[in-house]
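To start, the structure itself, in structure tokens.
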Amino acid sequence: MFDDIPYLPIAQQEHDNFADTLRQNQVEVLYLEKLVVEALDAGGETVKADFLTQMLAESGYVAGVLHTVLKDYLNSMTTEEMVVKLMAGVRKNELDYVPLDLVSAAEEQDYPFFLDPMPNLYFTRDPAASIGDGLSINHMTFPARQRESLFMATIIAHHPRFANQGLHVWRDRDQTTRIEGGDELVLSDTVIAIGVSERTAASAIEDIARSLFANQSGFEKVLAIRIPHNHAMMHLDTVFTMINHDQFTVHPGILGEGGQIDTWTLTAGKNGELDIKHDRDLKRVLKEVLNLDDLDLIPTGGGDPLIADREQWNDGSNTLAIAPGVVVTYNRNYVSNQVLREHGLKVLEVLSSELSRGRGGPRCMSMPLVREDLS
Ligand SMILES: NC(=O)NCCC[C@H](N)C(=O)O
């Protein structure tokens, strides 16, 4: 789900620059593949075997000769090699095995992989989202990404830093309706906004709202915000992010006349039902749910429609707030970055020629595991 092919060595340098920027600003950076390896090693042989069985099943291999061949191949590796291999994919020419069944011979002979790679995995925001004392571990929309959330489920269940710490799973990956973390924006300790989008179904929002309200999560309001359903704006965080107690970036292209956009506020009703209130004035709704007298909606591209479209395409709205008023952004969105500075924000720019080709920005490339209490 890329629109172009990143130049790998430069993409890696840019990713290191992103991680360094976070570390230089007192953020502890955890890498997904390391956490998975540590979780599997801590879990022991049975956990590792079950993980591999599940990953192979979700890759289309429940039984049969190829299932056994792949399992033996991956089991011959160290845990680290196995995890990296699963993420990078298994090419057919790596194995000394030619399947003889008709599907493989007649229909899949030109397909290069036994196990597909997962290039979208550097957008760690999407397979899971931390919300209060727990997470949603997501049933993702497209098959190309659906296996990714198994890594997060494994970490939460077995990593010594996360397992047995009383973390809740508000909604798990075994659900059938789609939701992705880029749509899940924690606005305060009682309010979460969730996009109704290409990637997140309204029914999944209802589910997670019910779960949050029923399980003493502390969350009292879920704002469902409907955004256009297209690839450029696949998640709410590609067009709208919170960057301070009372400041937000917003792509002007999603707002109708007078800042209108369909928004529904969900609260707990009687007998486990939901009360739902519709509004179209985003600013008014945000002020109401966050108890603010005023707030600053900062337009991507400074309000110029042409610049806004260009910079949104390169994730100009996808800022990562690492503290109130401190954001990490792509350096290529220089107009939006200047506008943010004029609105008083501290802007930490990171390199972005290659990473941006995957269609996600600093918020998409990260997933906070711990939020300090800022109230
Ligand atoms: N939160 C985000 O907007 N993530 C960006 C995901 C980009 C990835 N290529 C995808 O299409 O899923």
Filtering region 49-65 down to residues that are in a helix (DSSP H, G or I), at pLDDT 95 or above and open to solvent by 30 Å² or more (accessible area, probe 1.4 Å) yields Ala49, Asp50, Thr53, Gln54, Ala57, Glu58
Met118, sole failed condition from (1) buried (at least 23 other Cβ atoms within 10 Å of the Cβ); (2) within 15 Å of the ligand (Cβ to nearest atom): (1)
Please verify whether Leu374 is modelled with pLDDT under 95 and either away from the ligand (no atom under 16 Å from the Cβ) or under 22 Å from the mean Cα position of the chain (by Cα) (or both), treating the condition exactly as stated. yes
Can you name every residue in region 121-155 that is open to solvent by less than 20 Å² (accessible area, probe 1.4 Å) and among the hydrophobic types (A, V, I, L, M, F, W, C)? Leu121, Phe123, Ala128, Ala129, Ile131, Leu135, Ile137, Met140, Leu150, Phe151, Met152, Ile155
Pick out the one residue from Asn93, Asn17, Asn75 that is more than 16 Å from the ligand (Cβ to nearest atom) and assigned by TED's automatic domain parsing to the domain that holds Glu354. Asn17
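Please verify whether Arg161 is open to solvent by 30 Å² or more (accessible area, probe 1.4 Å) and of a type in the set (Lys, Arg), treating the condition exactly as stated.
Details: open to solvent by 30 Å² or more (accessible area, probe 1.4 Å): yes; of a type in the set (Lys, Arg): yes.
It is true that Arg161 is open to solvent by 30 Å² or more (accessible area, probe 1.4 Å) and of a type in the set (Lys, Arg).
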Determine which single condition Val83 fails, assuming it passes every other condition in (1) open to solvent by 70 Å² or more (accessible area, probe 1.4 Å); (2) more than 16 Å from the ligand (Cβ to nearest atom). (1)
Every listed condition ((1) surrounded by 14 or more Cβ atoms within 10 Å (Cβ to Cβ); (2) of a type outside the set (D, E, K, R); (3) under 18 Å from Leu185 (Cα atoms)) holds for Asn291 save (1)
Please find, within region 321-375, the residue that is least open to solvent (accessible area, probe 1.4 Å) out of those that are in the same structural domain as Ile243 (by TED's automatic domain parsing), of a type in the set (D, E, K, R) and in contact with a strand residue (DSSP E or B) (Cβ under 7 Å, 6 or more places away or on another chain). Glu349
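Looking at Ile276, Ile192, which one is more than 24 Å from Thr154 (Cα to Cα), within 16 Å of the ligand (Cβ to nearest atom) and either buried (at least 24 other Cβ atoms within 10 Å of the Cβ) or not polar (S, T, N, Q) (or both)? It would help to see each step written out before you state the result.
Details: Ile276 fails: within 16 Å of the ligand (Cβ to nearest atom).
None of the others qualify; the one that does is Ile192.
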Any chance you could count how many residues in region 296-309 are closer than 24 Å to Lys346 by Cβ and either open to solvent by 10 Å² or more (accessible area, probe 1.4 Å) or among the basic types (Lys, Arg) (or both)? 7
Take Ala193 and tell me if it is at pLDDT below 95 and either hydrophobic (A, V, I, L, M, F, W, C) or in contact with a Leu (Cβ under 9 Å, 6 or more places away or on another chain) (or both). no
Candidate set from region 98-112 (those that are open to solvent by 60 Å² or more (accessible area, probe 1.4 Å) and within 30 Å of Leu32 (Cβ to Cβ)); member that is nearest to the chain's Cα centre (by Cα): Tyr111
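Yes or no: region 327-350 includes at least one residue that is on the phi > 0 side of the Ramachandran plot and within 16 Å of the ligand (Cβ to nearest atom). First the steps, then the outcome.
Filtering region 327-350 for residues on the phi > 0 side of the Ramachandran plot gives 344.
Filter again for within 16 Å of the ligand (Cβ to nearest atom), leaving none.
No: zero hits.
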Is there any pair linking a residue in region 134-157 that is within 23 Å of Gln216 (Cα to Cα) to one that is in a helix (DSSP H, G or I), with Cβ under 6 Å and at least six apart or on different chains, and which? Ser136/Ile208; Ile137/Ser149; Ile137/Met152; Ile137/Ala153; Asn138/Ser149
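Could you look through region 195-214, keep only residues that are hydroxyl-bearing (Ser, Thr, Tyr) and out of contact with any Phe, Trp or Tyr (no Cβ under 8 Å at 6 or more places or on another chain), and pick out the one that is farthest from the ligand (Cβ to nearest atom)? Full working, then the answer.
Quick first cut of region 195-214, residues hydroxyl-bearing (Ser, Thr, Tyr) only: 197, 200, 203, 211.
Now restrict to residues that are out of contact with any Phe, Trp or Tyr (no Cβ under 8 Å at 6 or more places or on another chain): 197, 200, 203.
Numbers: Ser197: 9, Thr200: 11, Ser203: 20 Å.
Taking the candidates together, the pick is Ser203.
For region 96-116, name all the residues that are assigned to a loop (DSSP other than H, G, I, E, B), among the charged types (D, E, K, R) and farther than 30 Å from Met233 by Cβ. Walk me through how you get there before you give the answer.
Step one: of region 96-116, the residues assigned to a loop (DSSP other than H, G, I, E, B) are 96-101, 108-112, 116.
Pick out the ones that are also among the charged types (D, E, K, R) and you get 96, 101, 108, 110, 116.
Passing the criteria: Asp96, Asp101, Glu108, Asp110.
State yes or no: is Thr68 at pLDDT 95 or above, over 26 Å from Ile156 (Cα atoms) and loosely packed, with under 14 Cβ neighbours inside 10 Å? Steps first, please.
Numbers: at pLDDT 95 or above: yes; over 26 Å from Ile156 (Cα atoms): yes; loosely packed, with under 14 Cβ neighbours inside 10 Å: yes.
Against the criterion (at pLDDT 95 or above, over 26 Å from Ile156 (Cα atoms) and loosely packed, with under 14 Cβ neighbours inside 10 Å), Thr68 qualifies.
The values are calculated or read from the model by the stated rules, or taken from the named source; none is laboratory data. Please read these numbers as outputs of a predicted model, since none were measured by experiment. Ideal geometry is used to build each Cβ from the backbone, glycine not excepted, and the neighbour counts take in all protein chains shown. What goes into the accessible areas is simple: the full protein's heavy atoms, side chains included, and nothing from ligands, DNA or RNA. Shrake-Rupley method; radii C 1.70, N 1.55, O 1.52, S 1.80 Å.
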